[in-house]
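Undergrad: To start, I am sharing the structure in question, which I have written as structure tokens.
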Amino acid sequence: MQINEPDESSRFYRLTQNVMAQLAGAQGEGIDVTVSSCLERLGEYFGVDSVSLGGISKSGELMPALYLWGQLPPKETMLAGHPSPGQEMVARFNRDGYFIYNRLEDLDELPQYQEHTRQMGIPAAVFWKHHDKGSWVEGMALGSKNPKIWPDGIVERIGAVGEVLFNALYRRRAEAETERLRQFEQIVAATASEFVHASPDQVDARVEQALQRLCKCVDADLGTLLQWNDSEKSTMKVSHEWDADFVCGPHFRGTVLVDEYPWLATRLRESEPLLIHNPDDFPPEADAERATCRRIGIRSILWAPFVAAHGLQGYIALSTVNRPGAWLENTVPQLGLVGNVLANAIERQRADHKLLQAYAEIRQLKDYLESENLTLREEIKATFDEEELVGKSHAFQTVIHQVEQVARTDSTVLLLSETGTGKSLIARLLHRQSRRKDRPLVTVNCAALPAELIESELFGHEKGAFTGAVDRKIGRFELADGATIFLDEIGDLSAHTQVRLLRVLQEREFERVGGAETVRINVRVIAATNRDLEDMVRQGVFRQDLYYRLNVFPIHVPPLRERRTDILELANFFVEKYSTENHKYVRRISTPAIDMMMSYHWPGNVRELENCIERAILLTADDVVHGHHLPPTLQTAEASSTPMRGTLEETLDRVEREMLIEALKNSRGNKAKAARELGITERLIGLRVRKHRIDPKLYRA
């Protein structure tokens, strides 16, 4: 078909004038609408199926079109076309300034591009080059779904219109850039003010939000904040990162650049901006960087340096994924300012965290010292003196030997005995002879604490854990870390507390009441009970597994009735102790009183004996503890297990003999003094002494 040149030239001239007139008055988004309308009129004028303004990379891959009109495959299909147009086609297009073909057979010399057009369904097209952009070529393209013979001068004609369209496009870009830059500056200002009153817990989230806003403003898909870890710039770490949903990150947060990306770390030490338009722009020695960009799909990256107030330098890196970056001009200094704000906020956060940590440590130390002070005061009240461990009986010396065997180990010891046998003294002896003797012995009487408070006392609690928990409390186990804890009356623990105690014995760890932090301890445990734990296990009131954990080294402390040979020695010890305490001079215990004590069955054991002697010291008016100074329970035959036997005369003789001996002891064998004490004459006492065959000389010492 022959085209009338004058008519066609006139028509095309009018079309061009009309396009120019429409674009001259367009502003902002109106330019986009007008350009799209002009592309449609061009398509109708040339009788084609598609018209586009866009670019193609010199590596041979399609780039997203700037403007599209016509019946084209979906954008995703165009960008993911296989195979891509190929480098040979792009090189010829860039060299000649145009590229044109009428049918697929014209592309036999470019098989990759031929296959590309076949898949795209464009057997005829004409390309006009507007500008070489370095890594890509920018221009306009007309495409037909059927073979087409293009008229002469087609390239010049579309070039004339293309110049007009691209000029409008650049004007639109300039306006958009100005608006983006204004928005960017607003974001910078808002970011700077946002961190003024940010708390340490808010900083990380706000840094990522700032990166997100920056990325959306400059049309980036990935934002990363990098900081040098030291002033020598030996290592740089990615501290924060934001990515668009389709990037599926994070990819770099926590990365140490000097280890994983040595080339990049070296370049960034220069503290200069760095722009990579394409992974192929990386030098050969940057294999790791290039491989990572290709794996993630990063197309271009802009690194902008900053200097924080604390002196450490860093970078903000913005990246695009699967598309080139349209970076704003003059944004590097602004990005540096944002980086400075973010880095200072992070540094303040670190400083605040250090202060809070230091405050927490001081508070914890204060709580610990208060608790330890309380424990030490309790220790002072229960001052331990090994001389209190009185007794030479075989049963008692067996206990002392067992203590010596186990004291230097960290094994758990279980003291089994009746009430009042001195289990606490044995526990203190164990601690005094252990490797932990330089630390206090922490004592807990499990029977003296209410069930609802025993866990708080043992394991501590957090502030607000329960009503009345106005502050954190350090528990006895935590206080005993590195030392020894003595759990007296262990058989009185509730079932729930038994479970928690079992975990401490097994794992050496626990949580405070109301807390989630696991506290690990190194504690030696000594337990004591006056109850039959084996019987309690059979009854189901004491956990069997806990019993086995406690019963590692059991020590049976004998009751006083099983060590009667120690009674007199213990009694004399308590006489001396309470005489000193009460500022009295008491020399000895009378024979009748001794007989009473030796005959008594002592259900309260050593504690009962101690109480009896203390009472006697308070009652005595001279330097001797007499039988009538002892409690009534020891003065009755029933209580002392010594029922009276014999006739009245025999009983009177026995009492008379005991009184004579007691008087002679008090007078050190002086019959005259003894007679005055008994209220009889010296002659009468002489007769009585001879009657009972008593030798006064034996009592002169």
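Undergrad: Could you check how many residues of the stretch 452-483 are crowded, with 17+ Cβ neighbours inside 10 Å and over 20 Å from SER494 (Cβ atoms)?
TA: 8
Let's see how each residue does on (1) over 60 Å from the mean Cα position of the chain (by Cα); (2) of a type in the set (Phe, Trp, Tyr); (3) buried (at least 20 other Cβ atoms within 10 Å of the Cβ):
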| residue | (1), (2), (3) |
| --- | --- |
| LEU142 | yes, no, yes |
| ALA168 | no, no, yes |
| GLU175 | no, no, no |
| ARG182 | no, no, no |
| GLN186 | no, no, no |
| ALA190 | no, no, no |
| HIS197 | no, no, no |
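Undergrad: Now for a separate question. Return a yes/no flag: does the stretch 270-285 have any residue that is over 20 Å from TRP327 (Cβ atoms), modelled with pLDDT of 80 or more, assigned by TED's automatic domain parsing to the domain that holds GLN202 and buried (at least 17 other Cβ atoms within 10 Å of the Cβ).
TA: Among the residues of the stretch 270-285, not one is over 20 Å from TRP327 (Cβ atoms), modelled with pLDDT of 80 or more, assigned by TED's automatic domain parsing to the domain that holds GLN202 and buried (at least 17 other Cβ atoms within 10 Å of the Cβ), which makes the answer no.
Undergrad: Which ones in the stretch 648-701 are of a type in the set (A, V, I, L, M), under 17 Å from ILE589 (Cα atoms) and outside any helix (DSSP H, G or I)?
TA: ALA701
Undergrad: Please go through the stretch 552-578 and give me each residue that is under 50 Å from the mean Cα position of the chain (by Cα) and surrounded by fewer than 18 Cβ atoms within 10 Å (Cβ to Cβ), ordered by number.
TA: VAL552, PHE553, PRO554, HIS556
Undergrad: Can you confirm whether the stretch 260-274 contains a residue that is part of a strand (DSSP E or B) and under 30 Å from ILE56 (Cα atoms)?
TA: yes
Undergrad: What do you reckon, is ASP535 more than 42 Å from the chain's Cα centre (by Cα) and more than 30 Å from TYR585 (Cβ to Cβ)?
TA: yes
Undergrad: Has the stretch 437-446 got any residue that is surrounded by fewer than 21 Cβ atoms within 10 Å (Cβ to Cβ), under 25 Å from GLN506 (Cα atoms) and in contact with a Gly (Cβ under 7 Å, 6 or more places away or on another chain)?
TA: yes
Undergrad: Let me ask you something else. Quickly run through the stretch 542-551 and pick out the residues that are surrounded by 15 or more Cβ atoms within 10 Å (Cβ to Cβ) and not basic (Lys, Arg).
TA: Once the filter is applied, which keeps residues that are surrounded by 15 or more Cβ atoms within 10 Å (Cβ to Cβ) and not basic (Lys, Arg), the stretch 542-551 yields PHE542, LEU546, TYR547, LEU550, ASN551.
Undergrad: Separate question: Just one of ASP152, ASP204 is of a type in the set (Asp, Glu) and either crowded, with 18+ Cβ neighbours inside 10 Å or assigned by TED's automatic domain parsing to the domain that holds ALA317 (or both); which is it?
TA: One residue alone meets the criteria, ASP204.
Undergrad: Identify the single condition in (1) surrounded by fewer than 21 Cβ atoms within 10 Å (Cβ to Cβ); (2) outside any loop (DSSP other than H, G, I, E, B); (3) within 25 Å of the chain's Cα centre (by Cα) that ASN522 does not satisfy, given that it satisfies every other one.
TA: Unmet for ASN522, out of (1) surrounded by fewer than 21 Cβ atoms within 10 Å (Cβ to Cβ); (2) outside any loop (DSSP other than H, G, I, E, B); (3) within 25 Å of the chain's Cα centre (by Cα): (2).
This table checks each residue for (1) part of a helix (DSSP H, G or I); (2) in contact with a helix residue (DSSP H, G or I) (Cβ under 6 Å, 6 or more places away or on another chain).
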site: THR421; (1), (2): no, yes
site: ILE426; (1), (2): yes, no
site: SER434; (1), (2): no, no
site: ARG439; (1), (2): no, no
site: LEU453; (1), (2): yes, no
site: GLY464; (1), (2): no, no
site: THR467; (1), (2): no, no
site: ARG503; (1), (2): yes, no
site: GLN506; (1), (2): yes, no
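Undergrad: Only helices (runs of 4 or more DSSP H) wholly contained in the stretch 530-632 count here; list those with 2 or more residues that are of a type in the set (S, T, N, Q).
TA: Counting at least 2 such residues, we get 567-581, 591-599, 605-619.
The values are calculated or read from the model by the stated rules, or taken from the named source; none is laboratory data. Remember, predicted model here, so these are calculated numbers, not experimental data. Virtual Cβ from ideal backbone geometry, glycine too; neighbours counted across all protein chains shown.
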